[in-house]
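Presented below is the structure to which this report refers.
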Amino acid sequence: MTHTKEKPCQCSLCEKAFLYNSSLSMHFRSHTGEKPYQCSQCDTALSQKGSLISHMMIHTGEKPYQCTQCDKAFSRKTHLKSHMMTHTMEKPHQCSQCDKAFSRKSTLITHMMIHTGEKPYQCSQCDKAFSRNCQLIIHMMIH
């Protein structure tokens with residue numbers, strides 16, 4: 001299905017366009033950094049009301065998105081969608097340097113550090129650095 005409606009509300013700072021002015025206003029906060037929705041439980045401030053509602057589930061422990069294949073539940077729909085790929089064996093995130101593929105984008109980003117040599121996790125006791133935090137944690141046991 002293709003959308004044929006014009007998007008008359010153009011952002012003056014980037015190329016994005018929106019059907020409604022309210023959507024443009026919400027998008028504009030990504031440029032201004034405005035975060036008018038404050039969590040009542042912690043110091044977190046968010047730019048969208050929906051993000052605050054999702055954030056509040058951290059405090060309530062609510063996990064309304066239930067996996068139909070196992071007993072896991074998630075507070076965010078995107079987390080369930082990512083989890084479902086473990087059941088379908090779907091791996092849409094392909095490494096551009098080798099033939100490996102991953103179900104999660106974050107795993108691909110971590111994997112890419114093998115190719116780039118990036119090691120952002122620095123030991124505070126010596127000059128060793130690691131590409132993954134878990135490697136640093138294991139290393140710290142020797143100090």
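The values are calculated or read from the model by the stated rules, or taken from the named source; none is laboratory data. Since this is a predicted model, take the numbers as computed values, not measurements. With ideal geometry, Cβ positions are generated from the backbone for all residues, glycine too; neighbour counts draw on all protein chains shown.
As for the range 60-68, it holds no residue that is among the β-branched types (Val, Ile, Thr), modelled with pLDDT under 95 and touching a strand residue (DSSP E or B) at 6+ places or on another chain (Cβ under 8 Å). Evaluate the following for MET57: is it in contact with a Pro (Cβ under 9 Å, 6 or more places away or on another chain), surrounded by 11 or more Cβ atoms within 10 Å (Cβ to Cβ) and not polar (S, T, N, Q)? Yes.
Say whether the condition of being of a type in the set (A, V, I, L, M) and more than 21 Å from the chain's Cα centre (by Cα) is met by at least one residue in the range 44-57. For the range 44-57, residues of a type in the set (A, V, I, L, M) and more than 21 Å from the chain's Cα centre (by Cα): absent. The lone criterion from (1) basic (Lys, Arg); (2) farther than 24 Å from THR107 by Cα; (3) at pLDDT 90 or above left unmet by LYS7 is number (3).
Of all residue pairs spaced 6 or more apart or on separate chains, those with beta-carbon atoms under 7 Å, a first member in the range 47-75 that is over 28 Å from SER23 (Cβ atoms) and polar (S, T, N, Q) and a second member that is at pLDDT 90 or above and surrounded by 14 or more Cβ atoms within 10 Å (Cβ to Cβ) are GLN66/ALA73. The set of residues in the range 25-50 that are part of a helix (DSSP H, G or I) and in contact with a Phe, Trp or Tyr (Cβ under 7 Å, 6 or more places away or on another chain) comprises HIS27, LYS49. Restricting attention to the range 87-97, does a residue exist that is at pLDDT 95 or above, touching a His at 6+ places or on another chain (Cβ under 8 Å) and not small (Gly, Ala, Ser)? Yes, that holds for at least one residue.
Right, SER22: loosely packed, with under 11 Cβ neighbours inside 10 Å, in a helix (DSSP H, G or I) and over 17 Å from the mean Cα position of the chain (by Cα) or not? Taking the combined requirement at face value, the residue satisfies it. Would you confirm whether any residue within the range 51-70 is in contact with a Lys or Arg (Cβ under 8 Å, 6 or more places away or on another chain) and assigned to a loop (DSSP other than H, G, I, E, B)? No.
Taking residues in the range 85-111 that are farther than 15 Å from SER131 by Cβ and surrounded by fewer than 14 Cβ atoms within 10 Å (Cβ to Cβ), and partners anywhere that are at pLDDT below 90 and of a type in the set (S, T, N, Q), the pairs with Cβ atoms closer than 9 Å and at least 6 places apart or on different chains are THR88/SER103; MET89/SER103; GLU90/SER103; PRO92/SER103; LYS105/SER82.
I'm checking my understanding of the structure. Among residues of the range 10-19 that are in a loop (DSSP other than H, G, I, E, B) and of a type outside the set (S, T, N, Q), which one is modelled with the lowest pLDDT? Per the criteria, the residue is GLU15.
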